[in-house]
Amino acid sequence: MDRIIVRGGRRLEGTVPVAGAKNAALPLMCASLLSDRPVTLRNVPHLGDIATLAGLLGHLGVAVGFDGHDPGGGHAGRVMTLTAGRIADTTAPYDMVRKMRASVLVLGPLVARCGAAKVSLPGGCAIGTRPVDLHVKALQALGAEVTLEGGYIHARAPAGLRAGEIVFPLVSVGATETALLAAAATEGTTRIVNAAREPEVQDLCRLLVAMGARIEGIGTAALSVEGRAALGGAVHDIVPDRIEAGTFAIAAAITGGDLTLAGASADDLRTLASTLKATGATVEAVAAGLRVVGPARPRGVDVMTEPFPGFPTDLQAQYMALMCVAEGASMITETIFENRFMHVPELARMGARITVHGGTALVRGVAGLRGAPVMATDLRASVSLVLAGLAAEGETVVNRVYHLDRGYEHLEAKLAAVGAEIVRMREAA
Ligand code: EPZ
């Protein structure tokens with residue numbers, strides 16, 4: 001397996017291009033199942049998870065084509081066209097779903113279009129148990145009959161889904177996306193109560209509108225979806241990846257650097273921006289995107305993860321790396337996932353002082369970290385170790401880099417371009 005080697009102590013300076021959002025691209029790709037017309041996505045990031053989902057959609061009968069870089073639009077990412085002229089299979093097999101939990105997002109579109117779907121239960125994952133009960137409840141509220149058999153979710157609606165009201169007891173990004181995907185292809189008006197408001201959910205709404213659905217309340221917790229049995233094709237630009245941008249913002253802060261995140265949305269990152277300002281960084285919206293100037297040494301500032309627009313759980317690990325070298329202590333509380341502190345023992349190997357109690361980590365800032373060989377079992381935990389390595393004295397070797405490749409496009413190239421001493425060691429074939 002490849003490894004990434006970082007030599008810390010360099011101040012990062014320059015401009016980093018922000019890719020299209022992975023967590024927007026995945027549900028957008030699944031929306032292609034709802035139409036027999038082509039859906040073209042621009043600014044598609046080059047990532048492992050995208051390839052995994054493209055493989056699953058191909059198995060279901062979707063023709064997936066890449067057009068290389070968009071010549072006219074100035075989009076750095078690739079252009080992907082998905083055409084689901086005919087659904088060849090309504091089963092998402094275990095071997096494909098287990099690789100990536102987001103595969104469960106094919107369930108809603110398949111049952112809406114074909115009246116039946118069979119999707120393997122994703123099972124546990126590194127950051128917690130992560131059930132799919134809310135996805136199932138959303139489809140049941142639209143009249144689907146759902147059973148669990150042999151590790152598979154079977155959803156059936158032989159006479160089609162019926163518009164209805166879906167009330168979520170807690171905010172779930174994925175279940176809101178399942179509800180939207182199913183409702184958009186169902187005649188009548190479906191109301192979604194306590195919907196997730198994440199920018200990626202808003203992006204899915206925009207694509208579904210372009211395909212012919214009518215959606216009110218986009219960006220709020222109360223969505224009203226007027227679906228249509230036959231949706232059309234569309235051409236859609238994927239939103240910039242706020243988590244990638246936020247990761248680079250923290251890279252600027254942790255190295256006392258000065259980075260402009262080209263294409264980043266200041267609005268989507270408002271909570272991180274206010275938190276970084278409290279630590280002593282300067283964060284300003286500029287014409288190109290967002291500029292972040294790190295302080296000589298950050299101050300400890302508490303955070304608690306929450307659904308959007310709160311502090312994102314997907315930036316918790318990276319922010320913890322920053323707090324490891326802060327002046328003073330900080331309390332980091334994770335409220336979304338029950339097991340998202342896998343980075344803690346690894347950061348401790350680099351000299352961090354962290355005590356975890358339940359969902360809260362108390363981080364006592366130290367004057368400096370020291371490089372070490374480290375490894376993590378989740379995407380954001382892995383990148384937090386790269387960030388810690390940027391600030392550490394000496395060499396940090398981050399193992400199991402495939403986690404990073406699932407969610408960060410050309411991470412080491414982007415960091416090296418702004419002054420980091422970072423290389424990838426490829427495993428000999
Ligand atoms: C999405 O996961 C993201 N993934 C995650 O990003 C992100 O951490 C998460 O949202 C929260 O922002 C994608 O968009 C592909 P949830 P998702 O449903 O949709 C519970 C990354 O690093 N829940 O909003 O799976 C669940 O256990 C990844 O890029 C149920 O109880 O998250 C969690 O506690 C990791 N029942 C909470 O809801 C359900 O049916 C929120 O999860 C569904 C979820």
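The values are calculated or read from the model by the stated rules, or taken from the named source; none is laboratory data. All of these numbers come straight from a predicted model, not from anything done at the bench. So basically every Cβ, Gly included, is an ideal-geometry build from the backbone, and we count neighbours across all protein chains shown. In case anyone asks, the SASA skips ligands and DNA or RNA and just uses the protein heavy atoms, side chains included. Shrake-Rupley method; radii C 1.70, N 1.55, O 1.52, S 1.80 Å.
Does ALA253 qualify as being under 30 Å from SER384 (Cβ atoms), open to solvent by 30 Å² or more (accessible area, probe 1.4 Å) and not acidic (Asp, Glu)? It is false that ALA253 is under 30 Å from SER384 (Cβ atoms), open to solvent by 30 Å² or more (accessible area, probe 1.4 Å) and not acidic (Asp, Glu).
The residue that is surrounded by the fewest Cβ atoms within 10 Å (Cβ to Cβ), among those in the stretch 313-359 that are among the polar types (S, T, N, Q) and more than 16 Å from the ligand (Cβ to nearest atom), is THR355.
Just one of the numbered conditions (1) touching a strand residue (DSSP E or B) at 6+ places or on another chain (Cβ under 9 Å); (2) surrounded by 17 or more Cβ atoms within 10 Å (Cβ to Cβ) is not true of THR247: (1).
Against the condition in contact with a Phe, Trp or Tyr (Cβ under 6 Å, 6 or more places away or on another chain) and within 11 Å of the ligand (Cβ to nearest atom), how does GLU177 come out, does it pass? No: the conditions fail for GLU177.
Of the candidates VAL193, VAL239, VAL235, the single residue that is within 25 Å of GLY289 (Cα to Cα), touching a residue at least 12 places away in the same chain (Cβ under 8 Å) and surrounded by fewer than 19 Cβ atoms within 10 Å (Cβ to Cβ) is VAL235. When VAL132 is tested against (1) near the ligand (Cβ under 8 Å from one of its atoms); (2) at pLDDT 95 or above; (3) open to solvent by less than 40 Å² (accessible area, probe 1.4 Å), just one condition goes unmet, and that condition is (2). For the stretch 47-80, a residue qualifies if it is over 22 Å from the mean Cα position of the chain (by Cα), under 18 Å from ASP95 (Cβ atoms) and modelled with pLDDT under 95, but none of them does. Only residues that are in contact (Cβ under 8 Å) with a residue 60 or more places away in the chain, part of a helix (DSSP H, G or I) and either within 11 Å of the ligand (Cβ to nearest atom) or open to solvent by 40 Å² or more (accessible area, probe 1.4 Å) (or both) were counted in the stretch 108-129, giving 1. ALA155 satisfies every condition listed in (1) crowded, with 16+ Cβ neighbours inside 10 Å; (2) more than 15 Å from the ligand (Cβ to nearest atom) except (2). Take GLU393 and tell me if it is surrounded by fewer than 17 Cβ atoms within 10 Å (Cβ to Cβ), touching a strand residue (DSSP E or B) at 6+ places or on another chain (Cβ under 6 Å) and not polar (S, T, N, Q). Judged against the criteria, GLU393 is a match. Here's a check for you: in the stretch 17-44, which residue that is of a type outside the set (A, V, I, L, M, F, W, C) and under 30 Å from ALA413 (Cα atoms) is farthest from the ligand (Cβ to nearest atom)? The extreme case among them is THR40.
Given the condition among the aromatic types (Phe, Trp, Tyr), open to solvent by 20 Å² or more (accessible area, probe 1.4 Å) and touching a residue at least 40 places away in the same chain (Cβ under 8 Å), answer yes or no: does some residue in the stretch 62-80 qualify? No, the stretch 62-80 has no match at all. Within the stretch 280-312, being within 29 Å of ASN194 (Cβ to Cβ), part of a strand (DSSP E or B) and open to solvent by less than 50 Å² (accessible area, probe 1.4 Å) holds for VAL303, THR305, PHE311. Close Cβ contacts (under 8 Å, 6 or more residues apart or on different chains) running from residues in the stretch 4-33 that are within 12 Å of ALA416 (Cβ to Cβ) to residues that are within 15 Å of the ligand (Cβ to nearest atom) comprise ILE4/VAL386; ILE4/LEU404; ILE4/LEU411; VAL6/VAL386. Being aromatic (Phe, Trp, Tyr), at pLDDT 95 or above and within 14 Å of the ligand (Cβ to nearest atom) is a description that applies to PHE308. When GLY8, GLY48, GLY14 are checked against the criterion of being among the small types (Gly, Ala, Ser) and within 16 Å of the ligand (Cβ to nearest atom), GLY48 stands alone in meeting it. Taking the conditions exactly as written (open to solvent by less than 30 Å² (accessible area, probe 1.4 Å), free of Cβ contacts under 8 Å to residues at least 24 places away in the same chain and part of a helix (DSSP H, G or I)), does VAL201 satisfy them or not? Here the answer is no, as VAL201 does not meet what is asked.
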